[in-house]
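The values are calculated or read from the model by the stated rules, or taken from the named source; none is laboratory data. A quick note: this is a predicted structure, and the numbers were derived from the prediction, not measured. Cβ: placed from backbone, ideal geometry, glycine included. Neighbour counts: every protein chain shown.
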Amino acid sequence: MSQANKKKRPNRHMARESAVEALYAWHNGGNDIAMIPSILADRLQQEDKHGQDEEYLREIVYGVSKDCAELDAMISAAVQGRSLRSIAHVELNVLRIAVWELKNRLEIPYRVIINEALELTRAYADEPSRGFINGVVDKVAQQVRAEEVKKKIS
């Protein structure tokens, strides 16, 4: 792995962590789009987040907030029989990010997206949440990226 690739991956992972935190604040603030610029500014000023992929952070947060209703509908279909209100806000936002990436970032393999969602869950939620997140993201991947999933299985 080249030095450039090593440096790029943590930056994206840190951006996803910041996105979870930003979307959590946005969700708790009543999903007010007007709050996003100040929430992002706060995330970008944190010393422990220097070096993150700032452009990707913005892309995730604006993309998820813009497509939130569609993402929630896809998640809801994958968690049949369970209300989105019963899902912890952190878990819901991890799912939103993963589903948004499945739909919009086709260059990222679906297995990488699942792995990143599990890493975020490990950082922000308890162990049983990981199985739930894995199942939901995998189910959405089978719908959104049927061809890619089929190729990996065969």
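Side notes on the structure shown:
- Scanning region 88-104 for any residue that is touching a Ser or Thr at 6+ places or on another chain (Cβ under 7 Å) and either buried (at least 16 other Cβ atoms within 10 Å of the Cβ) or not hydroxyl-bearing (Ser, Thr, Tyr) (or both) turns up at least one such residue.
- Single unsatisfied condition, residue 27 versus (1) more than 22 Å from residue 133 (Cα to Cα); (2) modelled with pLDDT under 90: (1)
- Pick from region 144-154, criterion in a helix (DSSP H, G or I) and touching a residue at least 12 places away in the same chain (Cβ under 8 Å), ranking: surrounded by the most Cβ atoms within 10 Å (Cβ to Cβ): 144
- Whichever residue in region 31-67 is β-branched (Val, Ile, Thr) and surrounded by 14 or more Cβ atoms within 10 Å (Cβ to Cβ) and, among such residues, is nearest to residue 11 (Cα to Cα): 60
- Contacts under 9 angstrom Cβ, first residue in region 68-88 being over 16 Å from residue 100 (Cα atoms), partner acidic (Asp, Glu), 6 or more apart: 84/72
- Tally, over region 99-126, of residues that are within 21 Å of residue 21 (Cβ to Cβ), among the acidic types (Asp, Glu) and free of Cβ contacts under 8 Å to residues at least 12 places away in the same chain: 1
- Counting only residues that are within 21 Å of residue 82 (Cβ to Cβ) and outside any helix (DSSP H, G or I), region 105-143 holds 2 of them.
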